[in-house]
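The structure under discussion appears below in the form of structure tokens.
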Amino acid sequence: MSLLGPVEIRSLAEKLDLRPTKKLGQNFVIDGGTVRRIVRTAGLDPSDVVIEVGPGLGSLTLALLPEAARVVAVEIDPVLAGQLPETVAARAPELAGRLDVVNADALRVAAADLPGPPPTALVANLPYNVAVPVVLHLLATLPGLRKGLVMVQAEVADRLAARPGSRVYGVPSVKAAWYAEVRRAGPVGRSVFWPVPNVDSGLVALARREPPATTASRQEVFAVVDAAFAQRRKTLRAALAGWAGSPAAAERALRAAEVDPANRGERLTVEDFARVAEHRPLAE
Ligand code: SAM
């Protein structure tokens, strides 16, 4: 089976009268080497059920199908979603039975919307403007997801994989760490896309881990994270004043959680945030 190159992408785009939009982050991969690298780095088992978000014209889908038991592709654009089964039937007819295409917004998709067995791996060249919420939503919604390999804007890759103390450590880093071990898995240049984007890209690998052991719920922990980074230059004592009721209440909660109130959110691990959440004062 041959992958889609620049000529095939152009002719599909012409056939569909496709005008790639920035709004939907439509930059299609025209380079077989990049697609193969993504699939290789994903480390799929033949039993894996892959969820691919934004299959577009099918560049990555065609490379995923031989390596997985099934691929469920979630595409928001009805024209692209309609074309994909045809492309696969034409180029890889023997693998077409492994593919399900769901025409939906990945930000809203629920487990029940996906046909077949629950996905075990997320592999995608994500729409860049919604990459972080898509990753967080799918990790929350699909507990069977064990691993992932996603292509995102380079800065987003850095943020997702950042460790405490890093300049770019923030809400996406902490929330992703709740669900998974996250690491950067290599840079990607601009010339592998059509149209050529004006940002660099990077690969991010995710490996599901147990969330921190805590009596606080995920929502409670994420509320502290949001509050801490809403004013990231402030000390936690100040940044969490609203969350706790007052600066003094924030200080008490932080001390009870063994976190220095003079610290900033960018120094705390997800486990630290979970301990702080456990000590939120009861509303009067
Ligand atoms: N995977 C293809 C490739 O590598 O050539 C296309 C990747 S392109 C960066 C992103 C794709 O995501 C587009 O096909 C776009 O229509 C789709 N998309 C954008 N927003 C989406 C959303 N919220 N849910 C599902 N698909 C979306």
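The values are calculated or read from the model by the stated rules, or taken from the named source; none is laboratory data. Note that this is a predicted model, so its numbers are computed, not measured. Note that we place each Cβ from the backbone using ideal geometry, even for glycine, and neighbour counts take in every protein chain shown. Surface areas here come from the heavy atoms of the whole protein model, side chains and all, with no ligands, DNA or RNA. Shrake-Rupley method; radii C 1.70, N 1.55, O 1.52, S 1.80 Å.
Using alpha carbons only, how many angstrom separate the centre of region 10-25 from the centre of region 229-279? The two parts, judged by their Cα centres, are 47 Å apart.
Only protein heavy atoms count here; on that basis, with a 1.4 Å probe, Leu145 has an accessible area of about 0 Å².
Can you tell me the relative contact order of region 116-169? Whole percent, Cα pairs under 8 Å, sequence separation 6 or more. Relative contact order of region 116-169: 41 percent.
How far is helix 6-16 tilted off the main Cα axis of the chain, in degrees rounded to 10, range 0 to 90? Compared with the principal axis, the helix lies near 90 degrees.
Applied to region 263-275, the Karplus parametrisation 6.51 cos²θ - 1.76 cosθ + 1.60 on θ = phi - 60° returns per-residue 3J(HN,Hα) values of 6, 10, x, 5, 9, 8, 7, 5, 5, 4, 4, 5, 5 Hz, with x for Gly and Pro. Phi-derived couplings, Karplus 6.51 cos²θ - 1.76 cosθ + 1.60 at θ = phi - 60°, listed residue by residue for region 34-47: 5, 5, 5, 5, 4, 5, 4, 5, 5, x, 6, 9, x, 8 Hz, with x used for Gly and Pro.
Pairs with C-alpha atoms separated by more than 30 Å, drawn from the list Lys147/Lys234; Lys23/Lys175; Lys15/Lys175, are Lys147/Lys234; Lys15/Lys175. The alpha carbon centroids of region 183-219 and region 134-178 are separated by 5 Å.
Between the residues Ser59, Trp243, Pro119, the greatest Cα displacement towards the positive end of the dipole of the chain, with unit charges on the Cβ of Lys, Arg, Asp and Glu, is found for Trp243.
For Leu57, no residue whose modelled amide H falls within less than 5 Å of its own remains once neighbours fewer than 5 places apart on the same chain are excluded.
One decimal place: the segment Asn198-Arg163 gains 9.9 nm when fully extended, by the rule 0.36 nm per residue minus the C-alpha distance.
Only one residue of Asn263, Asn129, Leu18 has its Cα farthest out toward the positive end of the dipole of the chain, where Lys and Arg carry +1 and Asp and Glu -1 on Cβ, and that residue is Asn263. In the full protein context, the chain carries 45 Å² of accessible surface per residue, based on a 1.4 Å probe and ignoring ligands, DNA and RNA. Close amide H pairs (under 5 Å, H built 1.01 Å from N) link Phe193 with Ile30, residues at least 5 positions away or on another chain. Shown are Val123, Val199, whose ranking by accessible area with a 1.4 Å probe and every protein chain present, most to least, is Val199, Val123.
Using θ = phi - 60° in the Karplus curve 6.51 cos²θ - 1.76 cosθ + 1.60, the 3J(HN,Hα) couplings for region 90-99 round to 7, 9, 8, x, 5, 10, 4, x, 7, 9 Hz; x is entered for Gly and Pro.
Computed with every protein chain present, the accessible area of Glu67 is close to 90 Å² [probe 1.4 Å].
Look at the dipole of region 152-284 built from charges on Cβ: of Ser191, Val152, Val174, the Cα furthest out on the positive end belongs to Ser191. By DSSP, the beta bridges lying fully in region 6-208 are antiparallel in about 50 percent of cases. Here the chain is assigned +1 on the Cβ of each Lys and Arg and -1 on the Cβ of each Asp and Glu. Its dipole about the Cα centre then comes out at about 820 debye. Note on the chain: semi-axes of the ellipsoid equivalent to its C-alpha gyration tensor, largest first and rounded to whole Å, are 40, 19, 15. Nonpolar atom fraction for region 218-278, defined as the carbon and sulfur part of the 1.4 Å probe accessible area, stands at 45 percent.
Considering helices alone, the calculated mean residue ellipticity of the chain at 222 nm is -11000 deg cm²/dmol, with DSSP H runs of length four and up weighted by -39500 (n - 2.57) and normalised per residue. Taking the C-alpha atoms only, the angle from helix 247-256 to the longest principal axis of the chain is near 80 degrees. Take the Cα of Asp45, step 7 Å toward its Cβ, do the same at Arg218, and the gap between the two points is 2.2 nm. With the simple spin-label model, which puts each label point 7 Å out from Cα in the Cβ direction, the Lys23 to Glu94 separation comes to 4.2 nm. For Ala180, the residues whose modelled amide H falls within less than 5 Å of its own, excluding neighbours fewer than 5 places apart on the same chain, are Arg209.
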